[in-house]
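The values are calculated or read from the model by the stated rules, or taken from the named source; none is laboratory data. None of these values were measured; they are calculated from a predicted model. Virtual Cβ from ideal backbone geometry, glycine too; neighbours counted across all protein chains shown. All accessible areas refer to the heavy atoms of the entire protein, side chains included, with ligands and DNA or RNA removed. Shrake-Rupley method; radii C 1.70, N 1.55, O 1.52, S 1.80 Å.
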Amino acid sequence: MDIKNLKNYLYWLFCQFELITCSYLMEPWEKVLFYTFNIAMLFMVLYTAYIYVPIHISTAFQFCLHLLGNQHENAVSIVK
């Protein structure tokens, strides 16, 4: 794929985005606010996923290991 085709494809995707969101009807200052809000929300979702998803996966994995009987030993052992 050459650069011109990639440029045309990205332009086509942007036009599709404007059609789906009806942002082609907005004035330029409204588009700036709309795109700024959408980009900010996208970055917040990606940041939250980057921070919290590994923690939840680790917790779920440890829970599954606990259910299967592969338990970690406690720091304090009980001596009978």
| task | State all residues of the stretch 1-29 that are in contact with a helix residue (DSSP H, G or I) (Cβ under 7 Å, 6 or more places away or on another chain) and part of a helix (DSSP H, G or I); if no residue qualifies, say none. | result | GLU18, SER23, TYR24
| message | As an exercise: evaluate LYS7 against (1) open to solvent by 90 Å² or more (accessible area, probe 1.4 Å); (2) within 24 Å of the chain's Cα centre (by Cα) and give the number of the one condition it does not meet. | response | (2)
